[in-house]
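Undergrad: Quick one: this structure, given as structure tokens, is what I'll be asking you about.
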Amino acid sequence: MLHFAFAIYSIVFSTLSGALAVAVIVMGYFSWTSMIASLIVGALISLPATYAVLKQMDWRKPDEKHAAKKDWWYIR
């Protein structure tokens with residue numbers, strides 16, 4: 001589950017921090033401190049958002065009907 005969390009966090013973080021950075025620029029704040037603050041806020045907001053996405057995923061065992069078919073090409 002941890003590798004899914006890293007993948008989802010990277011997507012959510014880049015999306016939220018980019019949106020926040022654009023919002024800060026549109027509001028007229030062009031300083032480095034406002035940009036860094038928007039990135040930090042994006043990182044903090046991304047943690048619960050990632051957790052919410054992971055909670056919605058189905059972690060049960062996969063159904064046998066949807067499993068990959070076994071390859072028998074190596075059997076003589």
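Undergrad: Working from the alpha-carbon coordinates of the chain, get Rg over Rh, Rh being the Kirkwood radius.
TA: Checking Rg against Rh, the ratio lands at 1.32.
Undergrad: While we're on this one: So if I place +1 on the C-beta of Lys and Arg and -1 on the C-beta of Asp and Glu, and nothing else carries charge, what would the dipole magnitude of the chain be about its Cα centre? I want it in debye, nearest 20.
TA: So the dipole magnitude of the chain works out to roughly 380 debye.
Undergrad: Ok, one more. What angle do you read, to the nearest 10 degrees and between 0 and 90, between the alpha-carbon axis of helix 32-56 and the longest principal axis of the chain?
TA: For helix 32-56, the angle is close to 30 degrees.
Undergrad: Assuming R0 = 22 Å, what is the FRET efficiency of ASP58 and SER10, from their Cβ-Cβ distance, to the nearest 0.05?
TA: After rounding, the FRET efficiency stands at 0.55.
Undergrad: Further question: With a point put 7 Å past each Cα toward its Cβ, work out how far LEU47 is from TRP32 in nm, to one decimal.
TA: Reported label-point gap for LEU47 and TRP32 is 2.6 nm.
Undergrad: Return the sequence-ordered ³J(HN,Hα) values of the stretch 12-28 in whole Hz as given by the Karplus equation 6.51 cos²θ - 1.76 cosθ + 1.60 applied to θ = phi - 60°, using x for Gly and Pro.
TA: Residue by residue, the stretch 12-28 yields 5, 5, 5, 5, 5, 5, x, 5, 5, 5, 5, 5, 5, 5, 5, 6, x Hz.
Bear in mind these aren't lab numbers, they're just calculated from the coordinates by the rules spelled out. Since the model is a prediction, treat every value here as computed from it, not as a measurement. A quick note on method: Cβ atoms are made from the backbone with ideal geometry, for glycine too, and the neighbour counts reach across all protein chains shown.
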